[in-house]
1. Pairs under 8 Å by beta carbon, first residue surrounded by 13 or more Cβ atoms within 10 Å (Cβ to Cβ) in the range 134-147, partner among the basic types (K, R), six or more apart or different chains?
2. Tell me the residue from W71, W81 that is in contact with a helix residue (DSSP H, G or I) (Cβ under 7 Å, 6 or more places away or on another chain), under 30 Å from P42 (Cα atoms) and touching a residue at least 24 places away in the same chain (Cβ under 8 Å), please.
3. Tally up the residues in the range 66-87 that are buried (at least 24 other Cβ atoms within 10 Å of the Cβ) and either in contact with a strand residue (DSSP E or B) (Cβ under 7 Å, 6 or more places away or on another chain) or not in a helix (DSSP H, G or I) (or both), please.
4. Failed condition for F99, given (1) without any contact (Cβ under 8 Å) to a residue 60 or more places away in the chain; (2) under 21 Å from V143 (Cα atoms), with all others met?
5. Here is a list of conditions, (1) touching a residue at least 40 places away in the same chain (Cβ under 8 Å); (2) part of a loop (DSSP other than H, G, I, E, B); (3) over 25 Å from G61 (Cβ atoms), and H120 meets all of them except one; can you say which number that is?
6. (1) surrounded by fewer than 18 Cβ atoms within 10 Å (Cβ to Cβ); (2) in contact with a Leu (Cβ under 8 Å, 6 or more places away or on another chain); (3) within 20 Å of G36 (Cα to Cα): which one isn't true of L96, the others all being true?
Amino acid sequence: MSAGLARLIASGFGSGYAPKAPGTVGSLVALALGWGLLLGPPWALPAAILLACAAGWWAIGVAGGDDDPGWVVIDEFAGQWIALLPLSHPSPAGLLAAFVLFRLLDITKPGPIGWADRQHSAFGVMADDVIAGDIAAIILWAVSKIFFL
């Protein structure tokens, strides 16, 4: 039972089994859910991020995803949700900017994102996306101050 639950969580409730670009599909699912969380109480998105990080770390370890197989996308959920944090309201431009920034950083893996990605453990699988989400959030926050996203 726990291995099946771990795979369900690690795969982003199945979104990681998309035949093409599972990381992008997982990020799109997370974006849609994040939009809903942004419409809820102010604690909903931060609580979901904490839950995704804790459950993801557990699920990746149990499901054997330490080498970051493509079907593991719970890390994309956490990173994408972190990237949404600067949005005070979910405008289409803000959601698109958060998605593009996060995916760009997650795919190119500059600096500390690449370092975290090279850690072959559940920590590394989660950390590279959390760091990418943090950097995307900082950039989005700065851009939102200029363009009011």
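Every number here is computed from the coordinates shown, using simple stated rules; none is lab data. It should be emphasised that the depicted structure is a prediction, and the values quoted were computed from it without experimental measurement. No Cβ is skipped: glycine too gets one built from the backbone with ideal geometry, and neighbour counts run over all protein chains shown.
1. none
2. Details: W71 fails: under 30 Å from P42 (Cα atoms).
W81 is the lone residue from the list that is in contact with a helix residue (DSSP H, G or I) (Cβ under 7 Å, 6 or more places away or on another chain), under 30 Å from P42 (Cα atoms) and touching a residue at least 24 places away in the same chain (Cβ under 8 Å).
3. 2
4. Single failed check for F99: (1).
5. Unmet condition: (3).
6. Among (1) surrounded by fewer than 18 Cβ atoms within 10 Å (Cβ to Cβ); (2) in contact with a Leu (Cβ under 8 Å, 6 or more places away or on another chain); (3) within 20 Å of G36 (Cα to Cα), L96 violates only (2).
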